[in-house]
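Working notes, beginning with the structure itself.
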Amino acid sequence: WEYWGDIQFQVDTVGDGHLPMWNPYDRLGYPFHADPQTGTLYPPQWGLWAIAFALGSVPWWLVAMKIVLHLWWAGLGAYLVCARRKLPPAASYLAAILVLTSYPVLHNAGSALNWSFAWTPWLLLALDAWTERPTAPRAGALALVAAMGVLAGGLAGFWYGLLLAIPW
């Protein structure tokens, strides 16, 4: 329910013609955009706003859709990491299943931690591409993927991903 309220506040504020920078209704007011879990600066979050505007309200299932899409994104990324390394398809499918059934992902299934962690396989793919042939566009892709991991909402999840990516 916490994340639904965030989206509702964002949609209401944008609908009133303002950016959701300050939330006067929570904690006697606080800088809403600075709270990483709200995802205000996260581009996929803006897609949720668009869906809410198209429907005329923020349905209860919008956050569930965000959760499922991030789980799918993590599984697809794990699959592609193995496929890029020319592993058999069975190993690629197994990697996706292992990511999705790992304790941190299941334990935090509805949490912003998974939203950031979902970018970890994509960070590994970008690292592989950049180390294979360092070019400015590949460095830009690496920076973009890292930024998406940070902006997704769970800095601890991004840190866990970095613990994997740094020795990678």
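The values are calculated or read from the model by the stated rules, or taken from the named source; none is laboratory data. For clarity, every value in this text was computed on a predicted model and none was experimentally measured. Glycine also receives a Cβ, built like all others from the backbone with ideal geometry; neighbour counts cover every protein chain displayed. All accessible areas refer to the heavy atoms of the entire protein, side chains included, with ligands and DNA or RNA removed. Shrake-Rupley method; radii C 1.70, N 1.55, O 1.52, S 1.80 Å.
Here are a few things to note about the model shown:
- Sequence of Arg27, Arg85 when ordered by accessible area, the most exposed leading, probe 1.4 angstrom: Arg27, Arg85
- Candidate values (i) 42; (ii) 23; (iii) 28, label of the one derived for percent of Cα pairs over 28 Å apart: (iii)
- Per residue accessible area of the chain, 1.4 Å probe, in Å²: 56 Å²
- Spin-label model, Trp168 to Ala156: label points 7 Å out along the Cα-to-beta-carbon direction sit 2.2 nm apart.
- On Cα atoms only, tilt of 61-84 relative to the major axis of the chain in degrees: 20 degrees
- Listed residues Ala136, Ala96, Ala109, most fluctuating in the chain (Gaussian network, C-alpha, under 10 Å): Ala136
- Dipole-positive endmost among Leu94, Pro59, Pro36 within the chain (Cβ charges, Cα centre): Leu94
- Rounded to the nearest 20 debye, the dipole magnitude of the chain is 720 debye, with +1 charges on Lys and Arg beta carbons, -1 on Asp and Glu beta carbons, and the Cα centre as origin.
- Point-to-point label distance, Ser102-Val68, nm (Cα→Cβ direction, 7 Å offset): 2.4 nm
- Charged neighbours of Tyr25, selected by a Cβ distance under 12 Å, balance to -2 (K, R count +1; D, E count -1).
- Helix-only CD estimate at 222 nm, as mean residue ellipticity for the chain, using -39500 (n - 2.57) per DSSP H run (n ≥ 4): -21500 deg cm²/dmol
- Distant-in-sequence amide contacts of Asn23, defined by a placed amide H-H separation under 5 Å and a gap of 5 or more residues or a different chain, comprise Tyr30, Phe32.
- Between 0 and 90°, nearest 10: helix 136-151 axis offset from the chain longest Cα axis: 50 degrees
- Between the residues Leu19, Asn108, Trp49, the greatest Cα displacement towards the positive end of the dipole of the stretch 1-108, with unit charges on the Cβ of Lys, Arg, Asp and Glu, is found for Asn108.
- Centre-to-centre separation between the Cα atoms of the stretch 100-168 and those of the stretch 1-77: 21 Å.
- Acute angle (nearest 10 degrees) that the helix 155-165 long axis makes with the longest principal axis of the chain, alpha-carbon atoms: 10 degrees
- Carbon and sulfur %, accessible surface of the stretch 88-168 computed with the full protein complex present, 1.4 Å: 79 percent
- Positive minus negative residues near Arg138 (Lys, Arg vs Asp, Glu; Cβ under 14 Å): 0
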